[in-house]
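Here the structure comes first, spelled out in structure tokens, and everything after it is commentary.
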Amino acid sequence: MAPSTASPAAPARPAAPVGVPLRDIVPWAVLALVLGAVLIYFVGAEQGATSLISGTWVHEFTHDGRHLLGFPCH
Ligand SMILES: [Zn+2]
């Protein structure tokens, strides 16, 4: 068996956390909030008098989610 030529491992240092500037986070946070608000609207309020899209297909498409999240339905 050949002797190992690997040097002993350097002592492990804890990884320093990487800082993310707030300026880089804000656009993604705004996008997530807008998409979340649109999703909550379509799941919870797209029916009856508050409906933006005619017909019932959006209501039926999100129906199970509406019941799952506890929005009033029928
Ligand atoms: Zn229902």
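Just so you know, all these numbers are worked out from the coordinates, no wet-lab data involved. Worth saying up front: this structure is predicted, and the values here are computed from it rather than measured. Cβ atoms come from the backbone with ideal geometry, glycine included; neighbour counts cover every protein chain shown.
Listing for the model above:
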read-out: Ranked list, fewest to most other Cβ atoms within 10 Å of each Cβ, for Val58, Val43, Val26; value: Val26, Val58, Val43
read-out: Chain lengthening between His67 and Leu22 when straightened (0.36 nm per residue, less Cα-Cα); value: 12.6 nm
read-out: By average C-beta atoms within 10 angstrom, highest first, the peptides 46-56, 12-22; value: 46-56, 12-22
read-out: Residue list for the range 49-74, given a label point 7 angstrom along the Cα-to-Cβ vector of Leu33 and an amide N cut-off under 14 Å; value: none
read-out: Degrees separating the helix 22-44 axis from the principal Cα axis of the chain, which is the longest one; value: 40
read-out: Fewest-first sequence of His74, His67 by Cβ atoms within 10 Å of each Cβ; value: His74, His67
read-out: Computed [θ] at 222 nm, helices only, for the chain once each DSSP H run of length n ≥ 4 contributes -39500 (n - 2.57); value: -14500 deg cm²/dmol
